[in-house]
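Since the structure comes first, as structure tokens, the remarks are kept for the end.
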Amino acid sequence: MPGRHLLTFEMSEEGDELAIHGDPAGLRLLAERIAELAAKAETHSNPSVLALSTSVWGGNELSLEPQGSDTKLIYQVRIVARPPRPK
């Protein structure tokens, strides 16, 4: 995606809450990638995986600047889309 965007996934200190922070461009990127993943899952018999990473992990989808307070930045997010269950 051209230009800079903001998109972070951050876990609470207790580990019981995930917060997603994003500006409009970052949230659109997330929505587009999830829509692409869903489309793949509809046509493939095996699970499809989307990986979003910070530059530290070799990606450019996630930002490195934490937005929350008392949270831990997540450096890589994997989203797994399962194929539809047979009816």
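The values are calculated or read from the model by the stated rules, or taken from the named source; none is laboratory data. On a predicted model such as this, the values are computed, not experimentally measured, just so you know. Here the Cβ positions follow ideal geometry from the backbone for every residue, glycine too, while neighbour counts run over all protein chains shown. In case anyone asks, the SASA skips ligands and DNA or RNA and just uses the protein heavy atoms, side chains included. Shrake-Rupley method; radii C 1.70, N 1.55, O 1.52, S 1.80 Å.
The fraction of accessible area contributed by carbon and sulfur in the chain is 52 percent, rounded to a whole number (1.4 Å probe; ligands and nucleic acids excluded).
Convex hull over the Cα atoms of the chain, averaged projected area in nm²? The orientation-averaged projected area of the Cα hull of the chain comes to 6.9 nm². Taking label points 7 Å from Cα along the Cα-to-Cβ direction, residue 79 and residue 40 give a separation of 1.1 nm. Counting 0.36 nm for each residue step from residue 18 to residue 33 and taking away their Cα separation leaves a gain of 3.5 nm. To the nearest ten degrees, helix 24-43 and the longest principal axis of the Cα atoms of the chain are 20 degrees apart. Among the GluC sites (Glu not before Pro) in the stretch 9-87, those placed in a DSSP loop whose Cβ has at most 15 other Cβ atoms within 10 Å are 13, 14, 17. Think of it as helices only: each DSSP H run of n ≥ 4 in the chain is worth -39500 (n - 2.57), and spread over all residues that comes to -8000 deg cm²/dmol at 222 nm. Rolling a 1.4 angstrom probe over the protein heavy atoms with all chains in place gives the stretch 14-87 an accessible area of 71 Å² per residue.
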